[in-house]
Amino acid sequence: MAADIWHDQAAGTWLIQARSTGYAFGLADDGAALRHLHWGPGLPAEVPAALLAAAGGEPPRWERSRSGARELPDEYVPWGGLRFDEPSLKAEYADGTRSTEWRFAAQRLTRQGATVTLELDFTDPAYGLTATLFYRAYDRFDVIERWAVLRSGGGQPVVIRQAHSANWWLPDRAGWRLRYLHGGWGAETRVAQATLGPGKLVLESRRGTTSHQFNPWFSLDPGGQTTERGGEVWSGALAWSGSWKLIYELTSAGHLHACGGVNDFDWAQRLLPGDQFVLPSFAALYTDGGFGAASREWHAWARAHVIGRGDRTGVTAPRWRTAAAPPRGGPAGSETPGPGQPGPGPRLRPVLYNSWEATSFAVSQDGQERLAERAARIGVELFVVDDGWFRGRRHDHAGLGDWTVDESKFPRGLDPLIKRVNSLGMTFGLWVEPEMVNPDSDLYRAHPDWVYHFAHRTRTEHRNQLVLNLARPDVADWVFGQVDRLLTENNIDFIKWDMNRPFSEPGWPAEAGNNPERIWVDHVRSLYAIVDALRAAHPGVEFESCSGGGGRADLGILGRAEQIWTSDNTDAWDRVLIQEGFTQVFPAQTMMAWVTDSPNWWTERRASLRFRFHVAMAGALGIGGDLSRWTEREMAEAAELIATYKLIRPVVQQGRLYRLASITADAYGAHEYLSDDGTQVVILAWWGPSPGGGGRPSLRLAALDPGACYCDADSGQQYWGAELLSEGLPVSGALRGDFGSALVRLARSPDRT
Ligand code: GLA
């Protein structure tokens, strides 16, 4: 269904009609306010006007509450007047004025490709600041995307102290449950929940990156009644890879809102006359199909409109300025279709090998070639050299910043290895961590002022490294130049872009008094611009986002990365839990999952090769074990499992995911993947320590045709859809022993034979 946005000029209301979602707001107080009216199921076009009128016209607030009329909250809240709840915007002027009074000025409605976008301008007449509120809806999706752009139009600067991308009001219901993702290094994306009472709950990152600790995604359901398979869900995700803050507030008037964007902690943005500041996009969706439907909507939308589509808000990075290797066309001239424009979806992820767990920093031409030969034998398609390949990098104390090949490890550069990898039928990938520097590096010795630091304060190291100040144009030029050179000089198809530490001492002494706090935003914008420019200059090179595992997983980075390194914890049993959280919002094809050695280096847990494969097959499959130590039997089993993965890959990576069981609730996990045409079904199930005498889990499948027949591709066994939906798939025979798993492939056949 085509998305649409209707404007009722007489009433001053707008209605966004997404696939089955309605979202409405309207002008009040003669255009001095924009009031929220509705977010939920679709609405007839005339309803928003009626909702605005029912709120009782324009009497003052105290009259309204006495008369019993519903008090409508401000859609996007400029701080000022009697507003005590969390505001959306707080601006400060040189004369000491710190509030905003605005008036509706203009609207623009545009259709481009599969999207329709509404822009509403509100201007503060006394100071000339204009805030443009953006709303974008997508054909065939329930996702609505919002952001704001601030323009300083008056004759004086303005300092932005707080500016949210969006403010999402929820309908008035009781007992809201918030579900969110929390974690740590090696324990990313765990689902947590809280019941929201009066007051606020604030979740944030102050680390300069998205963070392992919390992810900017939420799911809200009223009364805690919603399940995986049914019930109403309002879910949101911020497209930002820097410090962020989301606030969930049940106001004193009894309304719940979820709002936020760039973290205002330690941040301020000064806009000179004529400057424009674009806030990151904040997408959200409504469904009545439960948590599973919300996830499937995120997955399908991300595949169609996010992955590799560049910036969501159309911020165009300047053409990169580098004498060394000017890009072949900048982002503006790039062939990459932006969000909403027609273009091919992301391609299937290749099976990857990465030797980090096998060799750590001890990489060498011979060692990597030996691994590559074994990787090719089992069916790997992309061979990635991780950390340790560059000058001085024998351990994590030195080398970051000196991005030239270590000649003691690769005497003739990377080229002979790459040629060997290519001759084995694989493409080649390389690890880099360009935002970082070790103090023990030539770069740092030459440019100690290039890192974030405060005068007279310790430069706190983490993993022996400091963060480069990407807000500095010369540093950003240098970073672009380093990676651009590597991609120009070598036949590299894939970059694993790492970022292994959070910010500390986020200072820029040379800019003291000149708004150095802008680094929190400028670093991320600069990172985005660099990667966008690299992608434009080297089309075909794909990226993985890594930050000590899954510390940089968000819709912003997914615009410029095909996949995410989910976690440094590759223990298969731990991964079942991490993957359950990851798939709440991110598609399976972005979830890089390696099969590593047993016992696992981190947890020392033992699991069969088959179990480890079955867990990793739930996403984009990679191999991360020491292949030189795998027995011939293991190599043969791995080859067979990789061949099977290639058969199920289109369904896993591009199909619809149904989480049949939850590791937290059911003590085992199970996924069903269903091809878009409904003919191919893949079931993966994983269980941990055997319950001993416990009943068999019921793998009741989802979304099948009850009257159709489904045939097990391996055993030939046939089932009615109705049987699989109500009785479930019998996998009990397989459910023996610790860390067991099942992989079942079903094909829909026209008739039972
Ligand atoms: C991080 C990554 C790992 C690996 C190491 C290399 O921890 O998450 O996968 O690349 O850095 O130093």
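The values are calculated or read from the model by the stated rules, or taken from the named source; none is laboratory data. Quantities reported herein were computed from a predicted structural model and do not represent experimental measurements. Every residue, glycine among them, receives a Cβ derived from its backbone with ideal geometry; neighbour counts consider all protein chains shown. Accessible surface areas use protein heavy atoms only, side chains included; no ligands, DNA or RNA. Shrake-Rupley method; radii C 1.70, N 1.55, O 1.52, S 1.80 Å.
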Legend entry - Odd one out for Gly290, checked against (1) open to solvent by less than 20 Å² (accessible area, probe 1.4 Å); (2) under 20 Å from the mean Cα position of the chain (by Cα); (3) not basic (Lys, Arg): (2)
Inset, instruction - Could you check, for region 513-530, whether at least one of its residues is within 28 Å of Val682 (Cβ to Cβ), in contact (Cβ under 8 Å) with a residue 60 or more places away in the chain, out of contact with any Leu (no Cβ under 6 Å at 6 or more places or on another chain) and surrounded by fewer than 22 Cβ atoms within 10 Å (Cβ to Cβ)? - result: no
Legend entry - In region 345-378, the residues that are of a type in the set (S, T, N, Q) and in contact with a strand residue (DSSP E or B) (Cβ under 8 Å, 6 or more places away or on another chain): Asn354, Ser355, Gln368
Inset, instruction - Could you identify the single residue in Arg190, Arg161 that is under 24 Å from Phe277 (Cβ atoms) and surrounded by fewer than 23 Cβ atoms within 10 Å (Cβ to Cβ)? - result: Arg161
Legend entry - Selection from region 412-457 of residues that are in a loop (DSSP other than H, G, I, E, B) and either within 16 Å of the ligand (Cβ to nearest atom) or within 23 Å of Glu489 (Cβ to Cβ) (or both): Arg412, Gly413, Leu414, Leu424, Gly425, Met426, Glu433, Pro434, Glu435, Asn438, Ser441, His447
Inset, instruction - With respect to Val475, determine if the residue is without any contact (Cβ under 8 Å) to a residue 60 or more places away in the chain and over 25 Å from Gly551 (Cα atoms). - result: no
Legend entry - Some residue of region 300-313 being farther than 30 Å from Gln156 by Cα, surrounded by 20 or more Cβ atoms within 10 Å (Cβ to Cβ), touching a strand residue (DSSP E or B) at 6+ places or on another chain (Cβ under 8 Å) and of a type in the set (D, E, K, R): no
Legend entry - Residue in region 464-482 that is most open to solvent (accessible area, probe 1.4 Å), counting only those that are within 16 Å of the ligand (Cβ to nearest atom) and more than 23 Å from the chain's Cα centre (by Cα): Asn464
Inset, instruction - Give the residues of region 372-395 that are in contact with a helix residue (DSSP H, G or I) (Cβ under 6 Å, 6 or more places away or on another chain), within 16 Å of the ligand (Cβ to nearest atom) and open to solvent by 10 Å² or more (accessible area, probe 1.4 Å), sorted by residue number. - result: none
Inset, instruction - Filter region 356-371 down to residues that are more than 10 Å from the ligand (Cβ to nearest atom) and closer than 26 Å to Leu641 by Cα and give me whichever is most open to solvent (accessible area, probe 1.4 Å). - result: Arg370
Inset, instruction - Evaluate the following for Glu505: is it more than 22 Å from Phe410 (Cβ to Cβ), among the acidic types (Asp, Glu) and either assigned to a loop (DSSP other than H, G, I, E, B) or touching a Cys at 6+ places or on another chain (Cβ under 8 Å) (or both)? - result: yes
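Let's see how each residue does on (1) over 23 Å from the mean Cα position of the chain (by Cα); (2) open to solvent by 20 Å² or more (accessible area, probe 1.4 Å):
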| position | (1), (2) |
| --- | --- |
| Glu632 | yes, yes |
| Arg659 | no, no |
| Ala667 | yes, yes |
| Glu672 | no, no |
| Val681 | yes, no |
Inset, instruction - Kindly indicate which of Thr488, Thr460 is among the hydroxyl-bearing types (Ser, Thr, Tyr), in a helix (DSSP H, G or I), modelled with pLDDT of 95 or more and surrounded by fewer than 23 Cβ atoms within 10 Å (Cβ to Cβ). - result: Thr488
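Condition check ((1) within 26 Å of the chain's Cα centre (by Cα); (2) within 24 Å of Ala32 (Cα to Cα); (3) modelled with pLDDT of 95 or more; (4) among the polar types (S, T, N, Q)) across all residues:
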position	(1), (2), (3), (4)
Ala126	no, yes, yes, no
Thr130	no, yes, yes, yes
Tyr135	yes, yes, yes, no
Leu170	yes, yes, yes, no
Inset, instruction - Evaluate region 98-105: report whether one residue or more is under 23 Å from Val159 (Cα atoms), under 32 Å from the mean Cα position of the chain (by Cα) and of a type outside the set (Asp, Glu). - result: no
Inset, instruction - Answer yes or no as to whether Leu558 is modelled with pLDDT of 95 or more, more than 16 Å from the ligand (Cβ to nearest atom) and crowded, with 24+ Cβ neighbours inside 10 Å. - result: yes
Inset, instruction - Considering only residues that are over 30 Å from the mean Cα position of the chain (by Cα) and among the aliphatic types (A, V, I, L, M), look in region 21-33 and name the one that is farthest from Ala3 (Cα to Cα). - result: Ala32
